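**Student:** Sharing a structure with you now.
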Amino acid sequence: MVGQRVSHYEILQKLGEGGMGQVYKARDLKLNRFVALKFLASSLLDSTSAHARFLQEARAISALNHPNIATIYDVEESEEGPFLVLEYLGGGTLRAKVQQNFAIGRKLPVEQVVGYAWQMACGLAHAHRSGIVHRDVKTSNAILNTEGTVKITDFGLAKFRDSSRITLAGSAFGTPAYMSPEQAEGEDADFRSDIFSFGVVLYELSTGELPFRGDNNSAVIYQIVHASPRPPEEVRADLPEPLRQVIRVCLEKKPEGRYQSMEELLVDLRPLRTELGIVSTDPGAEPTMTMPPHRSAGHTSGRRQFGRWAVAALALAALLGGIGLVVSQRTLPRAKQVVVLPFTNVGGDPAYQAFCDGLVETLTTMLTQLEQFHGSLLVVPASEVRRELITGARQAQQMFGANLVISGSVQRSGDRIRLTANLVDTKTVLQVASRTVDTQMEDPVALQDGVVAQVAELLEIHLQPDVRQSLAAGSTKTPQAYDLYLQGRGYLQRFDNQGNYEDAIPRFQQAIKLDPNYALAYAGLAEGYLRKYELTRDLPWLEQARAAGGRAIELNDRVSAAHINLGVIQTIQGHYDDAFREFRRALELDRVSASAYREMAKAYAAAGQVQEAEATYQRAIGMHPNDWLGYKDLGAFYVRYARYSAAEAPFRKVLELTPDNYIGYRNLGALYHFMDRQAEAEGALNRSIAIKPTNLAYLNLGTLYFFQGRYAEAASMDEKAVALGSNDYVIWGNLADAYRWAPGLAGKAPETYRRAIQTAEEQLRITPSDPSLLASLAVYWGKLGNSPKALGLAEESRRLAPKQPWVHFKSALIYELAGDRDRALAALAEALRDGYSPKEVRGEPELNKLRKDPRYDRIVRQSEPSTTR
């Protein structure tokens, strides 16, 4: 038929052939698009049952509308007989994909296996919800389009839930290797038969082999009915346990032992998908949970039961607009360290993303408030989770030592909200339990209380009435105001985009307009103004922040976050006594608030009360002895005051609590550099990079090499830092310095300094009063030979930060480059006096001539007592 025209289709090539007929690639001459034409085999043209099955396939596909099911365009007749006009898929079958990898001795990456499995499961879930059993699920009936999306095809054996069987009772239709036991024995097959076949597909994708094999079809069928397959981990050792578990449950011989619906299977796949960082924009990625049409109530099996009950409970929630629950057989750890992961915005509508982010941030904040009532609970701040881009359970365990994570999704359709929260054990990456809240925006109190109450129950925390009252402080009963507030919180959390602050502020303002007594909205507005001030250093923003924070407290004195924000503002303005009063009030409301302790310690340090600052950091650790963030803060405090020996213990404690914490190794590497323990510094930084390559780790390693005079190696590390993040002026400046001194690379330095200047000036437009940025710009101009510009910028940076050692050291470099030795020595003395590292002073090549000046040794000796505390 190739080269012929059938109706308005030009046949281009044969794609495949099976028992029912042939499939061709064709061009639709009317619409100028490629299609697939499926013709009934000529040998079956006189078969009434074959015609019926062929048309049933058309009926089955036309009843379905899902991104993971191939689309049917039409059913037509020709001289050659009836044919289906189908969506053309040009990416090949999953069977071919597996065989291609097997031919070169490879297996599909686990991420790809789970990604394909997820898409197939979503498509099958949709078919089952529409009352259609596929009955021929296999890798050759899953085809990729050119974008790599999986589409399920060939519904020729499909059965409608309410239809009579076309096949004769006692006959087995399907592909033997993929049949379920009941299908192989000619029994009636329901949705759970597709689930068994899906398990065969998943086994094949994972291992490259079929679980049931034999010399002939009869041998294969015997294996399916009577034999257990070889455990997948014996074929492939790197398969995650959760994936192996899904395969095992799918391949249970008795239907009641398997998942009772594809939705139930998806519940178990979801945490693994999240852990592997698989992100899908597929509209079918979050299927609606409904009761499976063929539930067999009362059955039990040896597998865990919570997934099965999930579907029933969620269906009840959908009917009643209430709460879904999952029965868990697991015992939660007594000490709970919890990370709330970013939730999926179901449907991916950008208009709802800020709402989704804000709901998660609010949930995290409220769970954090529960810490004071439950001493065994520790919740990682949402800002830290987002800063480290934590999206999976393994990452949460590695980074924060979390033993539990809460993942989930938010689905919004107008005023209707469905939030699903899952509790996952980070050690096994298995879902422990789940809750679903169905509500409407017209009742914000019910939404907020419902979400917090259900997640608290997941964690086995009972909320007493006084606790609920505390959590509700400063809230609103105005639905639209609450909606806008959540959007504002969401924009504030998404600090990866500075423009989000511009979007947050008007949301809070509109919320306040709708409810002038909305204390939390005023607190959010204060935080938005504060972020604007931090970016611009424009004082009017700070004044507006103080006014909004004060108003929040006037409206409700029990909003802890409002007191913390106001304390930060008072600290910036130098009103330290007022700041301490706000932080103390915040701690009265939440006695274990890590944020309040952290900001109070910073206020003490800014006020020059260094001993009180240290004691406050230590009190924070006393409240949360298993929280590595407190030890990190204390270690950084010691480094800031050049107390390097004191900093080692808290930095080591970070790694004791979280052995694979890349930040812990990175900080320890920097500390060892300051302590002149270079071999240990290099080892720690390399360890950080091995765990997670980051531009800062490469930058630190490049700095280490630079001050050792290993300039070419420093350039190599700085180039890697640039590759991971090229919008940081410090990285470009360090790379230029390495080029400047590396043999044979000096010619690349000027252009690289200009790139550093360009990047710094872009940042300067946002933060025009940043003294560190101005000092760096001054150095770059100085090294390009523009001394007047460099000196002007240096003076401005020193005016803005008269006690910052780093600014003084940069000034020393600029004065030396300009030939002003006296001022260079004076600035160097100030830098060392205020705690700058003698190690870096000794290793800075720009000061090679200055170090020969007799005054240099005297300055260094005078600084030694203050730098060896």
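**Student:** Out of Y753, Y739, which single residue is within 35 Å of the chain's Cα centre (by Cα), at pLDDT 95 or above and aromatic (F, W, Y)? Step through it out loud before you land on a result.
**Tutor:** On the way: Y739 fails: within 35 Å of the chain's Cα centre (by Cα).
Answer to the selection: Y753.
**Student:** Run down A456, A504, A547 and say which single residue is of a type in the set (A, V, I, L, M, F, W, C), open to solvent by less than 10 Å² (accessible area, probe 1.4 Å), closer than 25 Å to E582 by Cβ and part of a helix (DSSP H, G or I).
**Tutor:** On the way: A456 fails: closer than 25 Å to E582 by Cβ; A547 fails: open to solvent by less than 10 Å² (accessible area, probe 1.4 Å).
Exactly one residue qualifies, and that residue is A504.
**Student:** Right, another one. Kindly indicate the residue of the range 416-473 that is over 30 Å from L239 (Cβ atoms) and of a type in the set (S, T, N, Q) and also modelled with the highest pLDDT among those meeting that condition.
**Tutor:** Looking at residues that are over 30 Å from L239 (Cβ atoms) and of a type in the set (S, T, N, Q), I get Q454.
**Student:** Which one is nearest to the chain's Cα centre (by Cα), of the residues in the range 588-633 that are among the charged types (D, E, K, R) and not in a helix (DSSP H, G or I)? Don't jump to the end; show me each part of the working.
**Tutor:** The first filter runs over the range 588-633 and keeps only residues among the charged types (D, E, K, R), leaving 588, 590-591, 598-599, 602, 612, 614, 619, 627, 632-633.
With the extra rule that they be not in a helix (DSSP H, G or I), the set shrinks to 590-591, 627.
Working: D590: 29, R591: 30, D627: 21 Å.
Restricting to residues being among the charged types (D, E, K, R) and not in a helix (DSSP H, G or I), the top hit is D627.
**Student:** Related question: Pick from the range 575-597 the residues that are in contact (Cβ under 8 Å) with a residue 24 or more places away in the chain and surrounded by fewer than 19 Cβ atoms within 10 Å (Cβ to Cβ): which of them is nearest to F373 (Cα to Cα)?
**Tutor:** This residue is R591.
**Student:** Which one is nearest to V452 (Cα to Cα) among residues in the range 346-360 that are out of contact with any strand residue (DSSP E or B) (no Cβ under 9 Å at 6 or more places or on another chain) and crowded, with 24+ Cβ neighbours inside 10 Å?
**Tutor:** G358
**Student:** A further question follows. Restricting to the range 8-29, name every residue that is surrounded by fewer than 17 Cβ atoms within 10 Å (Cβ to Cβ) and not in a strand (DSSP E or B).
**Tutor:** H8, G18, G19, L29
**Student:** Next question, about the same structure. Taking the condition of being farther than 20 Å from R558 by Cβ and either part of a helix (DSSP H, G or I) or touching a residue at least 40 places away in the same chain (Cβ under 8 Å) (or both), how many residues in the range 459-479 meet it? First the steps, then the outcome.
**Tutor:** First pass over the range 459-479, keeping only residues farther than 20 Å from R558 by Cβ: 459-462, 479.
From what's left, either part of a helix (DSSP H, G or I) or touching a residue at least 40 places away in the same chain (Cβ under 8 Å) (or both): 459-461, 479.
The number of residues fulfilling the criteria is 4.
**Student:** When the residues of the range 697-746 are narrowed to those that are farther than 19 Å from R666 by Cβ, touching a helix residue (DSSP H, G or I) at 6+ places or on another chain (Cβ under 6 Å) and not in a helix (DSSP H, G or I), which ends up most open to solvent (accessible area, probe 1.4 Å)?
**Tutor:** Among them, the one singled out is L745.
**Student:** Within the range 425-448, which residues are in contact with a helix residue (DSSP H, G or I) (Cβ under 6 Å, 6 or more places away or on another chain) and either of a type in the set (K, R) or closer than 17 Å to A382 by Cβ (or both)?
**Tutor:** Correct list: R435 only.
**Student:** To continue, here is another question. Restricting the search to the range 247-303, which residues are surrounded by 18 or more Cβ atoms within 10 Å (Cβ to Cβ), at pLDDT 85 or above and not in a helix (DSSP H, G or I)?
**Tutor:** L251, E252, R258, Y259, Q260, S261
**Student:** Just give me the residues in the range 392-415 being at pLDDT below 85, open to solvent by 20 Å² or more (accessible area, probe 1.4 Å) and in contact with a helix residue (DSSP H, G or I) (Cβ under 6 Å, 6 or more places away or on another chain), in sequence order.
**Tutor:** Hits for the range 392-415 are R394, R412.
**Student:** Tally the residues that are small (G, A, S), open to solvent by less than 10 Å² (accessible area, probe 1.4 Å) and either more than 24 Å from M600 (Cβ to Cβ) or modelled with pLDDT under 90 (or both), restricting the search to the range 633-663.
**Tutor:** Narrowing the range 633-663 to residues small (G, A, S): 635-636, 642, 645-647, 649.
So of that shortlist, the ones also open to solvent by less than 10 Å² (accessible area, probe 1.4 Å) come out as 635, 642, 647.
Filter once more, so that each one left must be either more than 24 Å from M600 (Cβ to Cβ) or modelled with pLDDT under 90 (or both): 642.
Summing the residues that are small (G, A, S), open to solvent by less than 10 Å² (accessible area, probe 1.4 Å) and either more than 24 Å from M600 (Cβ to Cβ) or modelled with pLDDT under 90 (or both) in the range 633-663 gives 1.
**Student:** Sort through Y482, Y491 and tell me the only one that's open to solvent by less than 40 Å² (accessible area, probe 1.4 Å), more than 30 Å from H624 (Cα to Cα) and outside any strand (DSSP E or B). Step through it out loud before you land on a result.
**Tutor:** On the way: Y491 fails: more than 30 Å from H624 (Cα to Cα).
The unique qualifying residue is Y482.
**Student:** Out of the residues in the range 783-803 that are within 10 Å of I814 (Cβ to Cβ) and polar (S, T, N, Q), state the one that is least open to solvent (accessible area, probe 1.4 Å).
**Tutor:** For the range 783-803, the residue satisfying everything is S797.
**Student:** Something else about it: Which numbered condition in (1) modelled with pLDDT of 85 or more; (2) open to solvent by 30 Å² or more (accessible area, probe 1.4 Å); (3) more than 29 Å from E241 (Cα to Cα); (4) not aromatic (F, W, Y) is the only one that S130 fails?
**Tutor:** (1)
**Student:** Which one of these does A481 not meet: (1) more than 15 Å from T439 (Cα to Cα); (2) touching a strand residue (DSSP E or B) at 6+ places or on another chain (Cβ under 8 Å); (3) small (G, A, S)?
**Tutor:** The number of the failed condition is (2).
**Student:** Go through the range 664-696 and report how many residues are open to solvent by less than 30 Å² (accessible area, probe 1.4 Å) and β-branched (V, I, T).
**Tutor:** 2
**Student:** Now a separate question. Kindly indicate the residue of the range 100-136 that is β-branched (V, I, T) and out of contact with any Pro (no Cβ under 8 Å at 6 or more places or on another chain) and also nearest to R59 (Cα to Cα) among those meeting that condition. First the steps, then the outcome.
**Tutor:** Of the range 100-136, the ones β-branched (V, I, T) are 104, 110, 113-114, 132-133.
Then keep just the ones that are out of contact with any Pro (no Cβ under 8 Å at 6 or more places or on another chain); that gives 104, 113-114, 132-133.
Working: I104: 40, V113: 30, V114: 30, I132: 10, V133: 13 Å.
My answer is I132.
Conditions tested, residue by residue: (1) under 15 Å from K107 (Cβ atoms); (2) in contact (Cβ under 8 Å) with a residue 60 or more places away in the chain.
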{"position": "Q183", "(1), (2)": "no, no"}
{"position": "E187", "(1), (2)": "no, no"}
{"position": "D194", "(1), (2)": "no, yes"}
{"position": "T207", "(1), (2)": "yes, yes"}
{"position": "G214", "(1), (2)": "no, no"}
{"position": "V235", "(1), (2)": "yes, no"}
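**Student:** Another question, then. Kindly indicate whether any position in the range 660-679 is of a type in the set (S, T, N, Q) and under 23 Å from E840 (Cβ atoms).
**Tutor:** Initial filter on the range 660-679 (of a type in the set (S, T, N, Q)): 661, 667, 678.
Retained after the next criterion (residues that are under 23 Å from E840 (Cβ atoms)): 667, 678.
Yes: the range 660-679 contains one or more residues that are of a type in the set (S, T, N, Q) and under 23 Å from E840 (Cβ atoms).
**Student:** Here is a list: R27, R95. Which entry is touching a strand residue (DSSP E or B) at 6+ places or on another chain (Cβ under 6 Å) and at pLDDT 90 or above?
**Tutor:** Details: R95 fails: touching a strand residue (DSSP E or B) at 6+ places or on another chain (Cβ under 6 Å).
From the options R27, R95, the qualifying one is R27.
**Student:** Can you tell me which condition D557 does not meet? The list is (1) more than 24 Å from L764 (Cβ to Cβ); (2) assigned to a helix (DSSP H, G or I), and all the others hold.
**Tutor:** Evaluating D557 over (1) more than 24 Å from L764 (Cβ to Cβ); (2) assigned to a helix (DSSP H, G or I) leaves (2) as the failure.
The values are calculated or read from the model by the stated rules, or taken from the named source; none is laboratory data. From a predicted model like this one, the values you see are computed outputs, not experimental measurements. A quick note on method: Cβ atoms are made from the backbone with ideal geometry, for glycine too, and the neighbour counts reach across all protein chains shown. Calculation scope for accessible area: heavy atoms of the full protein, side chains included, ligands and nucleic acids excluded. Shrake-Rupley method; radii C 1.70, N 1.55, O 1.52, S 1.80 Å.
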